[in-house]
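The values are calculated or read from the model by the stated rules, or taken from the named source; none is laboratory data. Being a predicted model, the structure only gives us computed values, none of them experimental. Cβ sites come from the backbone with ideal geometry, for glycine too, and all protein chains shown count toward neighbours. Just so you know, the surface numbers come from the protein's heavy atoms only, side chains and all, with ligands and any DNA or RNA stripped out. Shrake-Rupley method; radii C 1.70, N 1.55, O 1.52, S 1.80 Å.
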2 protein chains.
Amino acid sequence: MAGIRYISARLAQQIDDELMGVAGAFSLDQLMELAGLACAQALAKVYTKEKHPRVLVCCGPGNQGGDGLVAARHLGMFGYKPTIYMPKPGSKEHYRRLQIQCNNMNIPTLPPSNDVASLASAIKSSDVILDALFGFSFRPPVRAPFDAALPLLARSGLPIVSVDIPSGWDVEAGDIGVEGALNPQVLVSLTAPKQGVKTFSGRHFLGGRFVPKLLEEKHALNLPLYPGTEQIVELPSQESEQKL
Amino acid sequence: MAGIRYISARLAQQIDDELMGVAGAFSLDQLMELAGLACAQALAKVYTKEKHPRVLVCCGPGNQGGDGLVAARHLGMFGYKPTIYMPKPGSKEHYRRLQIQCNNMNIPTLPPSNDVASLASAIKSSDVILDALFGFSFRPPVRAPFDAALPLLARSGLPIVSVDIPSGWDVEAGDIGVEGALNPQVLVSLTAPKQGVKTFSGRHFLGGRFVPKLLEEKHALNLPLYPGTEQIVELPSQESEQKL
C-alpha cells in the first residue's frame, strides 16, 4: 500500500481551491473551524493543560493565522490559558471576526508592534508555542517584524507545535537554513502533509478531516484512517518508518 | 451550585442572535459546523458504526436541517453509512452548499416528495435515526409532508437521536400529544437545553462548545464542563437526579 502523499505548495493551493470552489462548496469559515480545532486537539494531545497551560499562539496575517485564532479559541474552551501574538493582523473580514471571538473569550493579544519586547516577555510566561505564522504560501525572505520574532521563538527553549510547515522552512525544500527557522517538537499538517516536512522527525499529526474520498483519490493523497470521531490522526514517525 | 438552565424558545433565539451579531461575531457556518459535529459525535458515542452503521438523517428546511446535513457529512467521515431524508430542502445558500458537500461524500438523499413511500423503504434499511427535522422555532401543527413522515419514524422501532427538541414536541411545553411526536432514546441539546425537554429521561448530551463565559453568565446558563477536547458533554439523567 502506498504511503501518504507529501504535496507541493501548488497542489495544496489547488486542493484548497477545489474544496472552496463551486464543486467543493465549503466556505472558508467551515474549513478554518475544523482546521483550527484539529490544531488545538493535537496540541492538547501532547501538552496537557495541567503541565502546559499557557500557550503562546503566534498568528500570521494569512489564512494560517486564522487557523491559529480558531485554535486559540478552542484551547480557551479546553481550559488552557492562550495568549495571542499577532503583530500583523489579517485585513479580511473573517479574520477580524475571529479576533473578536477571541476577545470575547478574554484571550489576551500582545500589542501589535514591530518591537519584539512584549513577545520576549510573553515567552517567559508561556509553556508551549503554537506556531501559525507562515503557511504553505510563505516564501523567504522573512520580513519585519517576523525577522526579529522568529529567532526569539526559536531560542525560547519552549516546545513548539507548528501548523503545516515550521515557520522559516520552505514549503517544498524544507529547512533551508533561514535565520530563526523553527525546530518544532510537533507538527500538525492540514489536509495533506507538504513536501518540505518529509524528513520531519518529531510527532506528526494530520488534521482536516473534510477531504471527500473523490478529491483524495483524484490527487492520490492516500490519507490514513482517522480514529473514531477525532479530528486528528497521528502519522508514523520518520524514525519508526526508517526502522521498518 | 445551581443546575443547568432550561431555556425558552425566545432566549434560544436571542442567544443565537447574540452569537452571530456584531458583538459575538460568529458566522452561521462556524456554529453549524460545530453543532453538527457535536450531533454526529453524540450519535457515535451511543450507537457504534459496527452495530448501527446505517443512519437515516432526517433534515428539516431550517437551520436544524443544516445541523443535520453537517452531522451526516461527519458521520460519513466517521465511517457510518448515512442516508438523508430531506423532503423540503432549505432555500438558503449555505443550506445548498451543505447539500453539495454531502453529495460529494456520496451520501444518498431520498427523492424530495410528499409521498412517504421512499421514507418507509429507507426506514427498513436503517439502524438508527438522527432527527434534525424541527428545531426550537417549530410551532405545531405539523404540516405536510412531515405530518405523514413523523408517525412512520415514531413507529419505526429504530432508536432515535433527536437534536434540541424531539420533533413534534413543543419547545417549551414538551410532549403535548402531537400525532407522531417522536420519543427518542438520545437527545442532543445545542448551546443550552430547552424548557420542553426538562423531563426527558433518555441519554442527554449537550453540544455547542462555543458559548463565551460572558454570554453564559449574562444568561445564567450554568453550563457543565465539557471533558477534554470533546465537543459534547453528557448531562446527568433525570432519573439519577431524582434519586439524589
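Search region B:21-31 for residues being assigned to a helix (DSSP H, G or I) and more than 8 Å from chain A (Cβ to nearest Cβ), and hand back the single one that is most open to solvent (accessible area, probe 1.4 Å).
The initial filter retains those residues of region B:21-31 that are assigned to a helix (DSSP H, G or I), namely B:28-31.
Next, from what is left, pick out any that are more than 8 Å from chain A (Cβ to nearest Cβ): B:28, B:31.
Values: B:Leu28: 43, B:Leu31: 13 Å².
Step by step, filter region B:21-31, then rank; the result is B:Leu28.
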* To do: Could you tell me which of the residues A:Glu179, A:Glu172, A:Glu234 is over 13 Å from the mean Cα position of the chain (by Cα) and within 30 Å of B:Cys102 (Cβ to Cβ)?
  => A:Glu234
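Please go through region A:132-163 and give me each residue that is in a strand (DSSP E or B), closer than 19 Å to A:Ser237 by Cβ and not β-branched (Val, Ile, Thr), ordered by number. Break it down into steps so the answer makes sense when it comes.
Just the residues of region A:132-163 that are in a strand (DSSP E or B), to begin with: A:132, A:160-163.
If we keep only those that are closer than 19 Å to A:Ser237 by Cβ as well, we get A:160-163.
Result: A:Ser162, single match.
Test of understanding: among B:Leu223, B:Leu214, B:Leu158, B:Leu182, which residue is more than 13 Å from chain A (Cβ to nearest Cβ) and open to solvent by 10 Å² or more (accessible area, probe 1.4 Å)?
From the options B:Leu223, B:Leu214, B:Leu158, B:Leu182, the qualifying one is B:Leu158.
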* Asked: Does A:Arg96 count as part of a helix (DSSP H, G or I), within 9 Å of chain B (Cβ to nearest Cβ) and under 18 Å from the mean Cα position of the chain (by Cα)?
  -> no
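Looking only at region B:161-177, count every residue that is in contact (Cβ under 8 Å) with a residue 60 or more places away in the chain and open to solvent by less than 20 Å² (accessible area, probe 1.4 Å) and tell me the total. It would help to see each step written out before you state the result.
Restricting attention to region B:161-177, the residues satisfying the condition of being in contact (Cβ under 8 Å) with a residue 60 or more places away in the chain are B:161, B:163-164, B:167, B:171-172.
Filter once more, so that each one left must be open to solvent by less than 20 Å² (accessible area, probe 1.4 Å): B:161, B:163-164, B:167, B:171.
Residues meeting the conditions: 5.
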* Would you check if there is a residue in region B:71-78 being open to solvent by less than 40 Å² (accessible area, probe 1.4 Å), within 14 Å of another protein chain (Cβ to nearest Cβ), under 13 Å from the mean Cα position of the chain (by Cα) and modelled with pLDDT of 95 or more? => yes
* **Subset of region B:110-153 (residues that are surrounded by fewer than 20 Cβ atoms within 10 Å (Cβ to Cβ) and closer than 19 Å to B:Arg203 by Cβ)** => B:Asp127
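State whether one or more residues within region A:106-125 are within 14 Å of chain B (Cβ to nearest Cβ) and either in contact with a helix residue (DSSP H, G or I) (Cβ under 7 Å, 6 or more places away or on another chain) or farther than 19 Å from A:Asn63 by Cβ (or both). Walk me through how you get there before you give the answer.
Going residue by residue through region A:106-125, those that are within 14 Å of chain B (Cβ to nearest Cβ) are A:106-107.
Remaining after also requiring either in contact with a helix residue (DSSP H, G or I) (Cβ under 7 Å, 6 or more places away or on another chain) or farther than 19 Å from A:Asn63 by Cβ (or both): A:106-107.
Looking for residues that are within 14 Å of chain B (Cβ to nearest Cβ) and either in contact with a helix residue (DSSP H, G or I) (Cβ under 7 Å, 6 or more places away or on another chain) or farther than 19 Å from A:Asn63 by Cβ (or both), one finds at least one in region A:106-125, hence yes.
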* Run B:Glu18 past the list (1) more than 9 Å from chain A (Cβ to nearest Cβ); (2) without any contact (Cβ under 8 Å) to a residue 12 or more places away in the chain; (3) more than 19 Å from the chain's Cα centre (by Cα); (4) assigned to a helix (DSSP H, G or I) and report the number of the one that doesn't hold. => (2)
* Structure fact -> In the set B:Ile107, B:Ile129, B:Ile84, the lone residue that is β-branched (Val, Ile, Thr) and more than 17 Å from the chain's Cα centre (by Cα) is B:Ile107
* Among the residues of region B:53-69, is any more than 13 Å from the chain's Cα centre (by Cα) and open to solvent by less than 20 Å² (accessible area, probe 1.4 Å)? -> yes
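What do you reckon, is B:Ser91 among the polar types (S, T, N, Q), more than 30 Å from A:Lys218 (Cβ to Cβ), in a loop (DSSP other than H, G, I, E, B) and at pLDDT 95 or above?
Numbers: among the polar types (S, T, N, Q): yes; more than 30 Å from A:Lys218 (Cβ to Cβ): yes; in a loop (DSSP other than H, G, I, E, B): yes; at pLDDT 95 or above: no.
No, not satisfied.
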* Asked: Of all the residues that make up region B:106-132, how many are without any contact (Cβ under 8 Å) to a residue 24 or more places away in the chain and hydrophobic (A, V, I, L, M, F, W, C)?
  -> 1
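Of the residues that make up region A:37-49, is at least one away from chain B (no Cβ under 13 Å), open to solvent by 10 Å² or more (accessible area, probe 1.4 Å) and more than 17 Å from A:Asn103 (Cβ to Cβ)? Give the derivation first.
Filtering region A:37-49 for residues away from chain B (no Cβ under 13 Å) gives none.
No, every residue in region A:37-49 fails to be away from chain B (no Cβ under 13 Å), open to solvent by 10 Å² or more (accessible area, probe 1.4 Å) and more than 17 Å from A:Asn103 (Cβ to Cβ).
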* To do: For region A:81-105, name all the residues that are open to solvent by 40 Å² or more (accessible area, probe 1.4 Å), touching a residue at least 24 places away in the same chain (Cβ under 8 Å) and touching a Leu at 6+ places or on another chain (Cβ under 8 Å).
  => A:Gln99
